[in-house]
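Presented below is the structure to which this report refers.
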Amino acid sequence: MKRRHAWLLCAWLAFPALAARQVVDDAGHTVTVPDQVHAIADGWFAHHSVVMTLGAGRQIVATVNHPESQPWMFKITPTLHQALQVRGTTFNPESLLAKRVDVVFTSKGNDKAESYRQAGLPTLEMAFTDYPSLMKSVTTTAEVLGTADARARAKAYNQYLQTTLEGVLRKTQNLTAAQRPRVLHIQSLKPLKVDGSHTLIDTWIKLAGGINVAAEIQGNMKEISPEQVLAWQPDVIILGAHSGTLADSPYAELFAGLKAVKNGNVRQNPAGVFPWDRYGTESALQIQWAAKLLHPERFTEVDMVKVTQAFYRQFFNYPLTVDEAQRILRAQPPA
C-alpha cells in the first residue's frame, strides 16, 4: 500500500498540469492557470471591478489603482492598501514572484505581458468595449478564479446587466430623434477631451435615449477645440467624475451661452469603485442613471440611491448607507 501511495505521489509531481486548468483569455490566448487561485496581480484599472464583483477583491496582491484616484475601491476592499501598488500599468515580474502571484491580468495588448509569461506567471489579457464583451470577460474571469461562488456571481451579474439593458431599452427604443436630448460626454476639461462613437460611452448614451453629439469622432478621450463644443450645442453635458467643473475650467465664460449650461443641464458623472461612465461592472448602474437623467418621466420608479445600495450589497458585499450612495452619485469620495 505504501509503495502504491509513493507511486501516486511521484505521478502527481511529474504531471503538475493535472492540477491546473486551461482558460482562453479575451485576446484568444489559451492560458494554463492553477487549480486554485489565491493571489492576483491586476494590471488593468477597470478589471479590478470585475474581480471585486466576483467576490475576489481580497485576493488582489498587486494593483495599478491607488486610494487617491479610486477611494471607494480601497474603502470597499481595504486589503488593497496592503497590496503592491505601482504607477502606470507595469509590474516588475520579480516582485510578483516574491508575492507568490498565481495569475496576472493585464489589458489586451499590454507590452509587458510577454515578460510575465517568461517569468512563468500565467498571464491573461483582458478586454471589453461593449456589453457582450463585458459579460464574456466577467465569465472568463470567473473561470480563471475557478470557484463555484465566482461562477455563480458571474451568472448573477450577467443576468442583472442583461435585464437592465432590456428594461431601459423597452422605454427608450421608440423615442423619436426629436425626443432624444443631444448629449456631450466630456472626459477631461484640461485638456478638453470627449468620447465619440465606437465606445461604451456612445452605447449607453444611445441606450439611455440620447444622441451623442460627438459621434462624428471615433474613440475614447479625443482632444477637441472649445469651438467644436459651441458648434455642437448640446442639450446635456455630462462631465467625467475626475474632470473638474465647468466653473473652474478655462471655458467657464466661453461655454456660459451653451443651451446645456443656461438650462442647468450639466451633470458630474457618478464614480464608485470605478467611474461609472467608463469600463467597469458599474456600467450597469450608469445605464440606469443616464436613462433617469435624460428621461425622468419614463423612469419615475428608478430611485438611484436604492438601486446603488442594492447593487453594492449584492455584488460588492458592502452595505452602503444612504449618505454613501449619495456621495457616489455626486462623484464624491468617502466622508
Open item on the list: If I filter the range 312-322 for residues that are over 22 Å from Thr79 (Cβ atoms) and surrounded by 23 or more Cβ atoms within 10 Å (Cβ to Cβ), do I get at least one hit?
Closed with: no
TODO: Kindly establish whether Asn110 is surrounded by fewer than 21 Cβ atoms within 10 Å (Cβ to Cβ) and either without any contact (Cβ under 8 Å) to a residue 40 or more places away in the chain or assigned by TED's automatic domain parsing to the domain that holds Tyr318 (or both).
DONE: no
Open item on the list: With the structure loaded, tell me whether Ala252 is surrounded by fewer than 19 Cβ atoms within 10 Å (Cβ to Cβ), outside the structural domain of Gln70 (by TED's automatic domain parsing), of a type in the set (A, V, I, L, M) and part of a helix (DSSP H, G or I) or whether it fails that test.
Closed with: no
Task: Hey, Ala178 of a type in the set (A, V, I, L, M, F, W, C) and assigned to a loop (DSSP other than H, G, I, E, B) or not - done: no
Open item on the list: I need every pair where a residue in the range 261-283 that is surrounded by fewer than 19 Cβ atoms within 10 Å (Cβ to Cβ) has its Cβ under 9 Å from the Cβ of a residue that is of a type in the set (Asp, Glu) and not in a strand (DSSP E or B), sequence separation at least 6 or different chains.
Closed with: Asn263/Asp235; Asn265/Asp235
- [ ] Looking only at the range 175-182, decide whether some residue is touching a residue at least 60 places away in the same chain (Cβ under 8 Å) and closer than 23 Å to Ala252 by Cα.
- [x] yes
- [ ] Quickly run through the range 276-335 and pick out the residues that are more than 26 Å from Ala152 (Cα to Cα), polar (S, T, N, Q) and in a helix (DSSP H, G or I).
- [x] Gln326
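Looking at the range 54-67, is at least one residue in a loop (DSSP other than H, G, I, E, B) and exposed (fewer than 15 other Cβ atoms within 10 Å of the Cβ)?
For the range 54-67, residues in a loop (DSSP other than H, G, I, E, B) and exposed (fewer than 15 other Cβ atoms within 10 Å of the Cβ): absent.
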Task: Failed condition for Thr203, given (1) among the polar types (S, T, N, Q); (2) without any contact (Cβ under 8 Å) to a residue 40 or more places away in the chain; (3) closer than 20 Å to Trp289 by Cβ; (4) surrounded by fewer than 20 Cβ atoms within 10 Å (Cβ to Cβ) - done: (2)
- [ ] With respect to His81, determine if the residue is surrounded by 23 or more Cβ atoms within 10 Å (Cβ to Cβ) and assigned to a helix (DSSP H, G or I).
- [x] no
- [ ] For the range 270-311, enumerate the residues that are of a type in the set (Phe, Trp, Tyr) and farther than 24 Å from Ser133 by Cβ.
- [x] Phe299
Open item on the list: Could you go through the range 86-97 and let me know if any residue there is more than 27 Å from Val24 (Cα to Cα) and in the same structural domain as Val31 (by TED's automatic domain parsing).
Closed with: yes
Open item on the list: Residue under question is Gln326, and the condition is that it be surrounded by fewer than 19 Cβ atoms within 10 Å (Cβ to Cβ) and either over 19 Å from the mean Cα position of the chain (by Cα) or basic (Lys, Arg) (or both); does it hold?
Closed with: yes
- [ ] Give the range 307-331 a look and list any residue that's free of Cβ contacts under 8 Å to residues at least 12 places away in the same chain and under 16 Å from Gln286 (Cα atoms), or say none.
- [x] Ala310, Arg327
- [ ] Kindly indicate whether any position in the range 151-167 is within 19 Å of His29 (Cβ to Cβ), surrounded by fewer than 19 Cβ atoms within 10 Å (Cβ to Cβ) and touching a residue at least 24 places away in the same chain (Cβ under 8 Å).
- [x] no
Task: Test result for Ile237, farther than 25 Å from Pro132 by Cα and part of a strand (DSSP E or B) - done: yes
Open item on the list: Here's a check for you: in the range 129-144, which residue that is assigned to a helix (DSSP H, G or I), touching a helix residue (DSSP H, G or I) at 6+ places or on another chain (Cβ under 8 Å) and not small (Gly, Ala, Ser) is surrounded by the most Cβ atoms within 10 Å (Cβ to Cβ)?
Closed with: Thr141
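Can you name every residue in the range 181-200 that is farther than 14 Å from Ile224 by Cβ and assigned to a strand (DSSP E or B)?
Within the range 181-200, Arg182, Val183 qualify.
The values are calculated or read from the model by the stated rules, or taken from the named source; none is laboratory data. None of these values were measured; they are calculated from a predicted model. Heads up, the Cβs are rebuilt from the backbone with ideal geometry, glycines too, and the neighbour counts pull from every protein chain shown.
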